[in-house]
Amino acid sequence: MDALRQVFTAPWVHGLALLCLCAAYLQGAFDKARDFQSAVAEMRRFGLAPAAPLAALTIAFEFGASAMVLTGYYRWLGAVMLAAFTALANCLADRFWSTDGAQKRVVANAFFEHWGLVGGFIVVAWYDLGGHSGI
């Protein structure tokens, strides 16, 4: 048990876990920046306007909030921002209740997986704000 505790409490594990938590946002921002026209089209597909400024803002947000979480600079705030962003985007993009057939299961699965990310970011904020002291 002590060996396992040493591994999972190592500083590099904490860093790796935070990187894993932010990976989808870093990859998404990179892809949107690399193919900005597709990012604009995605905004339009979800009925968001003005599409180009919102796509640019999303790129900056995903990179910026992820950087906050990874560097520790107001980590709790970056985590709360990504949790809120994920919850809102999830309700906009993964509306399984309005799909039919086999697609409904796929979209529902994505919807509930995203709530796992929301929970992960809430735990990061909780921990950074001192929630762990009573455990």
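Just so you know, all these numbers are worked out from the coordinates, no wet-lab data involved. This structure is a prediction, so every number in the text was calculated from the model and none was measured. Don't worry about glycine lacking a Cβ; one is built from the backbone with ideal geometry, like all the others, and counts go over all protein chains shown.
Annotations for the structure displayed:
- Between 0 and 90°, nearest 10: helix 36-45 axis offset from the chain longest Cα axis: 70 degrees
- Using alpha-carbon coordinates, inclination of helix 101-128 to the longest axis of the chain, degrees: 40 degrees
- Volume per residue for the chain equals 141 cubic angstrom (convex hull of Cα atoms).
- Relative contact order, percent, the chain [alpha-carbon distance under 8 Å, six or more residues apart]: 20 percent
- Total formal charge among the other residues, if their Cβ is under 15 angstrom from that of GLY78, Lys/Arg +1 and Asp/Glu -1: -1
- Acute angle (nearest 10 degrees) that the helix 51-71 long axis makes with the longest principal axis of the chain, alpha-carbon atoms: 10 degrees
- Taking the alpha carbon gyration tensor of region 57-122, multiplying each eigenvalue by 5 and rooting it gives semi-axes of 27, 11, 8 Å, largest first.
- Taking other C-beta atoms within 10 Å as the exposure proxy, VAL69, VAL7 rank VAL7, VAL69 from fewest upward.
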